[in-house]
Each structure stands twice: as structure tokens, then as C-alpha cells.
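Below is one structure; the comments refer to it alone.
The values are calculated or read from the model by the stated rules, or taken from the named source; none is laboratory data. Treat the numbers as computed from the prediction; the structure is a model and nothing was measured. Because the Cβ atoms are built from the backbone with ideal geometry, glycine has one as well, and the counts that use them run over all protein chains shown. Note: accessible area is taken over every heavy atom of the protein model, side chains too, but ligands, DNA and RNA are not part of it. Shrake-Rupley method; radii C 1.70, N 1.55, O 1.52, S 1.80 Å.
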Amino acid sequence: MADRDAPPRWDRGMQQRLARGEAAALGELYDRFGSLVHGLAHRVLGDEKAADSITGEVFTHVWQHPDAYDPRQGPLRSWVAALTHRLAVQRLRTTETAALVRGGGGSAEELEGRVRRASVAARADYIVHSMPAPLRAALELAYFQRHDYRRTAARLGVTEDEARRRLRLGLQLLSTAHDAAVLGVPPEHGGAA
């Protein structure tokens with residue numbers, strides 16, 4: 001039986017390679033997580049250039065501080081996503097606070113509302129892209145293509161009960177995006193701070 005506390009072999013190996021300063025490891029990490037990082041940053045910031053900047057900051061941080069990742073806290077993917085989220089929210093707060101000081105950004109409460117909405121949206125994106133493919137496919141058919149559970153079941157080649165189960169579980173996972181943001185829970189992995 002595998003040790004539940006042991007991180008996946010790829011995560012451990014990647015951390016070790018980064019700690020040794022292997023440039024190829026950084027390239028491999030970017031290939032695997034670059035679109036995730038950029039997508040999350042863009043979702044929070046709503047700006048391509050700012051998302052590019054955050055993407056660079058995230059991979060620079062990972063390169064300079066590979067030991068900041070604690071494999072016992074969860075997968076490397078979650079840690080990178082949490083780091084991205086934290087840096088993007090910091091950037092959003094800084095940018096919006098500067099606009100507030102200049103007189104064009106609204107109130108502090110409006111700023112926190114925008115940060116919270118961006119945080120929920122980024123967390124939901126991460127959850128959808130991280131959930132198992134069968135759940136993601138059911139949600140995409142039902143909510144983006146507007147199929148009812150019967151058509152979703154037929155398209156997926158599963159029973160109607162199975163389609164309802166997948167939709168229910170997918171929605172339960174998505175609801176955690178809002179619940180966590182309301183409670184102020186950091187995304188996925190506490191070791192990103």
C-alpha cells in the first residue's frame with residue numbers, strides 16, 4: 001500500500017531538480033503549468049500584460065525558492081496555483097488601491113468586492129481544470145452547451161443516474177470556490193505564502 005503522505009514521484013523529482021539548479025527542469029515545469037499560471041493570473045487581473053508579468057514572477061519565485069514547496073502539504077500543481085493566486089491578488093490590490101488613492105477606483109469596500117469576485121472566479125477556473133475529465137465533461141455539456149442530464153448522459157454514453165451523479169459532484173466541487181473565498185481560505189495549498 002502506498003504512503004498517503006508521500007507526494008507524487010514527479011513532484012518530488014521536480015523539486016529536487018529545481019533545487020539542483022537544472023534549467024531544463026524549469027522549462028519542463030513551465031511547459032506543464034505555464035497555461036494554468038497565466039490563465040489564473042489573467043482571470044484575477046483581467047489584463048494580458050499583467051498576467052504575463054505574474055507568470056514571470058511565479059516561475060522566478062519557483063526557480064529561486066524551490067524549497068518553499070512542501071510536498072507534505074499537497075501537489076506541486078496546487079502550490080503553483082496558490083502562489084499564482086496570491087501574487088495576482090496582491091497585484092490587483094496594489095493596482096486598485098493606487099486607483100483609489102488617485103480618486104478613480106471607488107471605495108475600499110468596492111475594491112474588496114472586486115478582489116473577492118476575481119478570487120472566486122480564479123478558484124473556480126482552477127477547480128474545473130483540475131477535476132477529473134468525466135466530471136468536467138458532464139459540466140461542460142450541461143452548463144456550457146445547455147444539455148439537460150438526459151442529453152448529457154446520451155452524449156457521454158452513461159446512464160442518466162451516472163450523469164446526475166457527475167453533475168452533482170462537479171457542482172459540489174465548484175461550490176467550494178465560493179465557500180472558500182467567503183471564509184477567506186487560501187487556495188488549495190497553504191505553503192504558497
Quiz item: Among the residues of the stretch 51-78 satisfying the criterion of being free of Cβ contacts under 8 Å to residues at least 60 places away in the same chain and among the aromatic types (Phe, Trp, Tyr), which is most open to solvent (accessible area, probe 1.4 Å)?
Solution: TRP63
Quiz item: Restricting the search to the stretch 130-158, which residues are of a type in the set (Ser, Thr, Tyr) and open to solvent by 30 Å² or more (accessible area, probe 1.4 Å)?
Solution: SER130, TYR143, TYR149
Exercise. Would you mind finding the one in HIS189, HIS178, HIS129 that is at pLDDT below 75 and touching a Ser or Thr at 6+ places or on another chain (Cβ under 7 Å)?
Key: HIS189
Quiz item: at pLDDT 80 or above and assigned to a helix (DSSP H, G or I), is that true of GLU110?
Solution: no
Practice problem: Considering only residues that are in a helix (DSSP H, G or I) and free of Cβ contacts under 8 Å to residues at least 24 places away in the same chain, look in the stretch 35-50 and name the one that is farthest from ALA88 (Cα to Cα). | Solution: SER35
Quiz item: Got a number for residues in the stretch 14-45 being within 16 Å of the chain's Cα centre (by Cα) and either open to solvent by less than 60 Å² (accessible area, probe 1.4 Å) or among the β-branched types (Val, Ile, Thr) (or both)?
Solution: 11
